[in-house]
Amino acid sequence: MINKTILNDIGKWFVLLIIATAFYSCNNEPEASGDVIVKVYDKVLRKSDIETLVPQNTKATDSADIVDRYIQEWVNKELILQKAKLNVGTNPSIEKMVEDYRNSLIVSKYMELLVDQKASTEISEAEIAEFYNRNPENFKLNEEIINGIFLQIPLDAPRIDDLKSWMKDRTEEDLLELEDYCFQNASKYEDFSEKWLPASVLEKYLPDVLNKSALKKGVTIEQSDSLSRYYLVVFDEKDAGETAPLIYVQPQIVKILQHKKRLEYIATFKRDILNEAIENKKVIYYEDK
């Protein structure tokens, strides 16, 4: 029979062995920190790597699905990568492609930062008008657009006759009265007399289908349902195929001109650094012998 003292000593040594093994593992395995989700060969995916993966306000079940899919895709990618490295090995053509891609990323990022910091993208009203007048064929409308006012009034709202009179005459005083009335009584009021809106946008405000052929300068479209009256007051309109008003396409023109200025800056920059490099003997062209 084994002595109890010997058994106790064995137990103590066994416990010490477990503690020592655990201590060694914690100090030699980076994944022992608890931050690691999964390890594939020598690569680890950490919780910190997926902190921003799930958009805010996502349901818990959807969040779990997104994270699970990402983890599985990551594992699969790393496994395939390991197989590819074993079978393809060091391939000069791949190394060159990687280097070319890396250099392209560096150049692209540098040019992006340079253009953002140095290129002037201020566009004057004169530049916008000049571009618009030189390129009218580029600004043909795809659909009807309207300039005017939209309002939705509860059926029990007061002074409907006055309201219709203000919409009909539309003097400066009438429009002020109309605006004041709508602020007090309208469920919805949108003044787009200083801009243009597509008919397709305004149609969503109305309970019934909008008759596009009825959209003529000076008319008022009236519709109603069980709760409200709807009025679309047309100050002016442009049909599909007509040249869009300048104010309607101005944001588009600004983007075009800003892009053009960026390209011009890049072209000038490339020319200047080339001339400087040639002058300093950093670029030398050799004639064919």
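The values are calculated or read from the model by the stated rules, or taken from the named source; none is laboratory data. All values derive from a computational prediction rather than experimental measurement. Don't worry about glycine lacking a Cβ; one is built from the backbone with ideal geometry, like all the others, and counts go over all protein chains shown.
Structural remarks
- Those residues of the range 84-105 which are of a type in the set (Gly, Ala, Ser) and surrounded by fewer than 10 Cβ atoms within 10 Å (Cβ to Cβ), in sequence order: 89, 93
- Hits in the range 106-154 (condition: more than 30 Å from residue 227 (Cα to Cα), small (Gly, Ala, Ser) and surrounded by 15 or more Cβ atoms within 10 Å (Cβ to Cβ)): 119
- Test: residue in the range 141-163 that is among the aliphatic types (A, V, I, L, M), over 20 Å from residue 222 (Cβ atoms) and part of a strand (DSSP E or B): yes
- Only residues that are hydrophobic (A, V, I, L, M, F, W, C) and within 12 Å of residue 120 (Cβ to Cβ) were counted in the range 257-275, giving 1.
- Hits in the range 180-202 - residues which are surrounded by 15 or more Cβ atoms within 10 Å (Cβ to Cβ) and part of a helix (DSSP H, G or I): 181, 182, 185, 199, 202
- The lone criterion from (1) in a helix (DSSP H, G or I); (2) crowded, with 17+ Cβ neighbours inside 10 Å; (3) at pLDDT below 95 left unmet by residue 221 is number (1).
- Residue in the range 114-155 that is nearest to the chain's Cα centre (by Cα), counting only those that are modelled with pLDDT under 95 and farther than 28 Å from residue 244 by Cα: 116
- Hits in the range 213-243 (condition: in contact (Cβ under 8 Å) with a residue 60 or more places away in the chain, touching a helix residue (DSSP H, G or I) at 6+ places or on another chain (Cβ under 9 Å) and of a type in the set (S, T, N, Q)): 243
- Output for the range 90-132, where each listed residue is β-branched (Val, Ile, Thr), under 22 Å from residue 268 (Cβ atoms) and assigned to a helix (DSSP H, G or I): 106, 107, 115
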